[in-house]
Amino acid sequence: MEHQNLQHVVVIGGGVAGALAARSLSKKLDPSKHTLTLINSRPCFIHLTASARMVVTPEDHLEDRAVIPLDRLFQHGIGTLKVGRATSIVETGPGKGGVVVLEDGDEIPWTVLILALGNSWPGPLHFPDSVQDLRTHINEWRSEFERARHVVVVGGGAVGIETAGEVKHEWPDKHVTLVHSDGMLLNDAYPEKFRKALERRVRAQGINVLLQDKVAIPPEGTIGVKTARGISLVDADLFVQAYGARPNTELIATLDRDVITPQGLVRVNKHLEIPNHPGVFAAGDIIDWPEQKQAHKAVEHVPVVVGNVLSYLEGKPLREEYRGSPETIVIPVGKDGGSGFVDVIGGIRVVVGDLIVRNVKAKDLSVDRARETLGYKQ
């Protein structure tokens, strides 16, 4: 078939949603009819579930295992990885495709576009693009945590709780304080019973928890700080920002600024297609959907997007619909356990403790499973 008659599927973003969508499509597309390109700013996938432990301790060498090359992602002879940053999206017209313009000036044609750009975090989880810079970043944070006498983690969501737990597990005698602006850890997407159980588990780890309080992240090198409520943390010498994740939707604004909400999320319909832009889909943390931003949610977006991409390419109506799912979360507090709120059976959700959390997540952080999913069989 002539190259100009090929249909071009382009995925932007190699996180959970983007990588899994690209891998799934590589099994389903016909190389005589389609091309498949994944555009990602780095040549690897970072298994963010393991990131808090990875930046705290060299134990388990997670920088070698949780940073997974994308060279085995594609299957059945279709798929190209383009390492680079996209700077703009050009649409020829609604339903007529267009091109993605890269920082180096390259233009990648698309018939169908999947946007899976994820979130950007401040602090330890603000990972650089190059593998060498990424390793340097990880080692620098490990040194910071090791040197610190009193670590103050600001933000009592999952990232903050896991970071505080990893520090306390690695150095039981180190002073660790977790500061959260709400009256309970996490947010009101989760029931009070679970949030209080999680707080008890965090305190049992020896972590000082300050609720309904705030700390402004001070300049590097600061020793000692007062919280917004006037509590003195006189010997605090490392401050970790674990709040303020920001959806990476600036690129999408080059396509259509009106599809971005005031919160920076991208509007989608029930097919996870961007309104008024046929053939442009979005998945993962960037979508405007009433649910928590978690990896397992992104996993659930993938079959909806992939199914609808295939229908779109065949000129058929979009049939796959995303309906959301119950909120479930498992939070390790170190390697020995933690607390979780999970579906057990038949939609019944319960609070679980150390034994289940350790075996489900805390012990190995699902690293081997992630590697196998991306083509690195154990």
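Every number in this text was worked out from the coordinates using simple rules, so none of it is lab data. In this text the structure is predicted, and so the values were computed from the model without any measurement. Every residue, glycine among them, receives a Cβ derived from its backbone with ideal geometry; neighbour counts consider all protein chains shown.
Estimate the FRET efficiency between residue 314 and residue 133 by the formula 1/(1 + (r/R0)^6), using the beta-carbon distance for r and 51 Å for R0, to the nearest 0.05.
Rounded to the nearest 0.05, the efficiency is 0.75.
Report the net charge of residues surrounding residue 18, where surrounding means a beta-carbon distance below 13 angstrom and charges are Lys +1, Arg +1, Asp -1, Glu -1.
Surrounding charge for residue 18 is +2.
Neighbouring Cβ atoms within 10 Å as the yardstick, rank 312, 376 fewest first.
Going from sparsest to densest Cβ surroundings: 376, 312.
In sequence order, what are the phi-derived ³J(HN,Hα) couplings for the range 268-284 according to the Karplus relation 6.51 cos²θ - 1.76 cosθ + 1.60 with θ = phi - 60°, rounded to whole Hz, with x for glycine and proline?
Rounded to whole hertz, the list is 9, 9, 5, 8, 6, 9, 6, x, 6, 9, x, x, 10, 10, 9, 8, x.
Could you work out the helix-only [θ] at 222 nm for the chain, with each DSSP H run of four or more residues adding -39,500 (n - 2.57) and the total divided by the number of residues, to the nearest 500 deg cm²/dmol?
It comes out at -8000 deg cm²/dmol, rounded to the nearest 500.
Between residue 254 and residue 174, how many nm apart are label points set 7 Å from Cα along the C-beta direction?
Taking the simple label geometry, residue 254 and residue 174 are separated by 4.0 nm.
Among 184, 54, rank each residue by its count of other Cβ atoms within 10 Å, from fewest to most, as a rough exposure measure.
The fewest-first ordering by Cβ neighbours comes to 184, 54.
Relative contact order for the chain using alpha-carbon pairs under 8 Å, separation at least 6, rounded to a whole percent?
Reported relative contact order: 18 percent.
How large is the charge dipole for the chain, taken about the Cα centre, if only the Cβ atoms of Lys, Arg (+1) and Asp, Glu (-1) carry charge, to the nearest 20 debye?
880 debye
Gain in length, residue 368 to residue 234, computed as 0.36 nm per residue apart minus the alpha-carbon separation, to one decimal in nm?
Length gained, residue 368 through residue 234: 44.1 nm.
If I stretch the segment between residue 103 and residue 300 completely, what's the gain in nm (0.36 nm per residue apart, minus their alpha carbon distance), one decimal?
67.8 nm
Output the pairs from 214/297; 96/297; 270/293; 174/196; 335/377 with a Cα-Cα distance over 22 Å in this structure; if there are none, say none.
Beyond 22 Å: 214/297; 96/297; 174/196; 335/377.
For every other residue with a beta carbon closer than 15 angstrom to the beta carbon of residue 233, add +1 if it is Lys or Arg and -1 if Asp or Glu, then tell me the sum.
Here the count lands on +2.
Please list, in order along the range 320-325, the HN-Hα scalar couplings obtained from phi with the Karplus expression 6.51 cos²θ - 1.76 cosθ + 1.60 (θ = phi - 60°), rounded to whole Hz, x for Gly and Pro.
Each residue's phi maps through the Karplus curve to give 6, 10, 9, 10, x, 7 Hz.
Answer with one residue from 328, 109, 222: the one whose Cα lies farthest towards the positive end of the charge dipole of the chain, charges on Cβ with Lys, Arg +1 and Asp, Glu -1.
Selected residue: 328.
For the chain, with a Gaussian network of springs between Cα atoms less than 10 Å apart, report the residue from 36, 355, 48 with the top mean-square fluctuation.
355
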